[in-house]
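The values are calculated or read from the model by the stated rules, or taken from the named source; none is laboratory data. Just so it is clear, the model here is predicted, and its values are computed rather than measured. Cβ placement follows ideal geometry from the backbone for every residue including glycine, while neighbour counts extend to all protein chains displayed.
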Amino acid sequence: MLNPDLHGMVPDESDLALLLIDVINDLEFPGAEELLPSALPMAHNIAELKKRAKAAKIPVIYVNDNFGRWQSNFTTSVEHVLNDKNEKGEALRGKPLVEILAPDGDDYFVLKPKHSGFFSTNLDILLDYLGAKTLILTGMAGNICVLFTANDAYMRDFRLMVPADCMASNKVEENDHALKIMREVLKADTTPSPDLHLKRVLRDANEQEEPNVPRPESQI
């Protein structure tokens, strides 16, 4: 039996959770200059969606790459993007995104070593404690980490929502293709965030029946 609140660390309970994937990112890698133009409007859209989610008492989870920094933590990653400089002594490319999407003290976070938010992380157990049945996935890159996370979530019987305006990839066509896969194969709802009625989504998630097939980890 699960501890009711994971020793006080998971006080929330919600059928719906909002995931922000790899938005804490310095963008100091080859090709990132292609991502930034679409990442900035994405960040503003996610920030507004996050504001609405928190008002509706929907928990927010940052699912972030550790970028190979095995001795770091989430706070260190945030401070790195906000305060460090690149080789030219300039602010890191990702600083504007983190300024827009800086986590709040009551947000949850999960550090991931690979593309999927589920692979070798504690995301499964966190979602179990929250009681989440529906996930709203946002972030970047849409055709890599968001897609991989969506795929793993689908295999775990989560209902998926991936607002089209809250996801970014290096190329628009790659982003559109990823959205098409998630919509047609993973049955994700890709309604843009301004058109998402969160109270209705939360009500639908609450009424969603438990899947008949156990999640893979419960079969081991």
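Filter the range 122-159 down to the residues that are of a type in the set (D, E, K, R) and farther than 14 Å from Y108 by Cβ and list them by number.
Of everything in the range 122-159, those that are of a type in the set (D, E, K, R) and farther than 14 Å from Y108 by Cβ turn out to be K133, D152, R156, D157, R159.
Within the range 53-63, can you find the residues that are surrounded by 17 or more Cβ atoms within 10 Å (Cβ to Cβ) and either in a helix (DSSP H, G or I) or without any contact (Cβ under 8 Å) to a residue 12 or more places away in the chain (or both)?
Hit for the range 53-63 is A53, nothing else.
Pairs, please: C-beta under 6 Å, at least 6 apart or cross-chain, first residue within 14 Å of N86 (Cα to Cα) and in the range 26-42, second of a type in the set (G, A, S)?
From residues that are within 14 Å of N86 (Cα to Cα), the pairs are D26/G94; L27/G94.
Within the range 176-208, which residues are of a type in the set (K, R) and surrounded by 15 or more Cβ atoms within 10 Å (Cβ to Cβ)?
Residue satisfying the conditions is R183 alone.
Test L126 against the criterion of being surrounded by fewer than 23 Cβ atoms within 10 Å (Cβ to Cβ), touching an Asp or Glu at 6+ places or on another chain (Cβ under 9 Å) and not hydroxyl-bearing (S, T, Y), and give yes or no.
When the stated conditions are applied, L126 does not pass them.
Residue check, G105 against (1) more than 20 Å from A188 (Cβ to Cβ); (2) in contact (Cβ under 8 Å) with a residue 24 or more places away in the chain, all met but one. Which one?
Failed condition: (2).
Which condition from (1) at pLDDT 95 or above; (2) surrounded by 21 or more Cβ atoms within 10 Å (Cβ to Cβ) is the one that K112 breaks?
(1)
Looking only at the range 86-95, decide whether some residue is touching a strand residue (DSSP E or B) at 6+ places or on another chain (Cβ under 9 Å) and at pLDDT 85 or above.
Looking for residues that are touching a strand residue (DSSP E or B) at 6+ places or on another chain (Cβ under 9 Å) and at pLDDT 85 or above, one finds at least one in the range 86-95, hence yes.
For the range 182-197, does any single residue satisfy the condition of being within 19 Å of A43 (Cβ to Cβ), modelled with pLDDT of 95 or more and of a type in the set (A, V, I, L, M, F, W, C)?
Looking for residues that are within 19 Å of A43 (Cβ to Cβ), modelled with pLDDT of 95 or more and of a type in the set (A, V, I, L, M, F, W, C), one finds none in the range 182-197, hence no.
Which residue pairs have Cβ atoms closer than 8 Å, lie 6 or more positions apart in sequence or on different chains, and pair a first residue in the range 182-195 that is touching a residue at least 24 places away in the same chain (Cβ under 8 Å) and part of a helix (DSSP H, G or I) with a second residue that is surrounded by 15 or more Cβ atoms within 10 Å (Cβ to Cβ) and among the polar types (S, T, N, Q)?
Within 8 Å, the pairs are M182/T190; S193/N45.
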